[in-house]
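The values are calculated or read from the model by the stated rules, or taken from the named source; none is laboratory data. Because the structure is predicted, anything quoted here is derived from the model rather than measured. Cβ placement follows ideal geometry from the backbone for every residue including glycine, while neighbour counts extend to all protein chains displayed. The protein model used for the area step is the full one, side chains on, heavy atoms only, and it has no ligands, DNA or RNA in it. Shrake-Rupley method; radii C 1.70, N 1.55, O 1.52, S 1.80 Å.
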Amino acid sequence: MVEVRELAVEAAWKVRNLGDFESRLERAALALEQRLEGREAAILIYEAALAKSGRSREEIRALTDRFRETFHDPEESYSIPRVSGLMGVQSDEWFFGDPELRSLTGLLLGQFQHRVAQYNYLKENEVLRRWADSYDTRLFIRRRIYDTEPVVGVVAGFDLALLQNLRVLAGGNTLVPSADVARALTNLGFSGEDDPYETLARAEALALQLELPAPLVGELLEGLARDGVTNFPEPPAPPREEESEAEEGTGETAEEA
């Protein structure tokens, strides 16, 4: 853990000192804002389920937006019960023609409907956000037993990357441990075991050192990987031990010593 922290400190220096850091940060923030623009909890869950299709974010967003436009009712919100009811009588066209995606979406909506019922004094989006950032959710992932997490983890076929995507969509301070994020971290100097849990731990440690939200750092790392950035500035070398001892012991400069 100490090694990860030290590497994160060095990696944060490299990222901050990129010549185009500010413009990259601005682009990442804009992309994240567009991705997380305010939508109802049920639609966020629907979008997270569609991610299992492997389609692009743009295709998934286009389908969920069409769903919202098609069934818009000024007198009824897109609550989880209403969306569940709509999907129960609609065709598979709303799931890219895949009945398995339809079933997965129904299971996820049902799980969160139970969760909301436990906190009936909170709005659905707030219940979703609290789940995403809760200590229990983090603990199940940190211990690598996300599939026993009682809300989403127990839904068959919803893997770690999909769960992390839902946490980000819900407003959680985390990111998706994608292959691009892993590649960017390797280019920044992280090495050793490379699996999704390690990628997640390293990226979240880097976010702490950068003092930026983890989802924003995720977007930043994705951009670095896509652009093939490998030439990062190197932090200055620490002073040599003998020079430090000479300066401390005599008060003279290293040359004088």
*Accessible area of T70 in the full protein assembly, 1.4 Å probe (Å², nearest 10)*: 80
*Mind pulling the angle between the C-alpha long axis of helix 99-118 and the longest principal axis of the chain? Nearest 10 degrees, somewhere in 0 to 90.*
80
*If you take the beta carbon distance between Y119 and R27 as r and set R0 to 35 Å, what does 1/(1 + (r/R0)^6) give as a FRET efficiency, to the nearest 0.05?*
0.45
_Debye, to nearest 20: dipole size of the chain, +1 on Lys, Arg Cβ, -1 on Asp, Glu Cβ_ = 1620
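Helix-only mean residue ellipticity at 222 nm, the chain, DSSP H runs n ≥ 4 weighted -39,500 (n - 2.57), per residue, nearest 500. What is it?
On the way: 13 runs with 159 residues, N = 257.
One gets -19500 deg cm²/dmol as the mean residue ellipticity at 222 nm.
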*To the nearest 10 square angstrom, how much accessible area does D98 have with a 1.4 angstrom probe?*
60
_Sites R226 and V9, calculated FRET efficiency, Cβ-Cβ separation with R0 30 Å, nearest 0.05_ = 0.75
*Relative to the first principal axis of the alpha-carbon coordinates of the chain, what is the inclination of helix 241-250, with its axis defined by its Cα atoms, in degrees from 0 to 90 and to the nearest 10?*
60
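What order do I145, I60 take when sorted by accessible area (1.4 Å probe), most exposed first?
On the way: I145 65, I60 10 Å².
The ranking, largest first, comes out as I145, I60.
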*Rolling a 1.4 angstrom probe over the protein heavy atoms, how many square angstrom per residue are accessible across the chain?*
54
*Simple spin-label model, 7 Å along Cα-to-Cβ: Q34 to E198 in nm?*
3.4
*Can you list which of the GluC sites (Glu not before Pro) found in region 1-62 are DSSP loop residues with at most 16 other C-beta atoms within 10 Å?*
E37
*asked:* Not counting ligands, DNA or RNA, and with a 1.4 Å probe, what is L104's accessible surface area in Å² rounded to the nearest 10?
replied: 10
*asked:* Give me the tail of P(r) for the chain as a percent: Cα-Cα pairs with distance above 23 Å.
replied: 57
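For region 34-107, what class follows from the C-alpha gyration tensor (a ≥ b ≥ c being the square roots of its eigenvalues): rounded when a/c is under 1.5, otherwise prolate if a/b is larger than b/c, else oblate?
oblate
Of the accessible area of the chain, with the probe set at 1.4 angstrom, what percent is carbon plus sulfur?
The C+S portion of the solvent-accessible surface of the chain is 50 percent.
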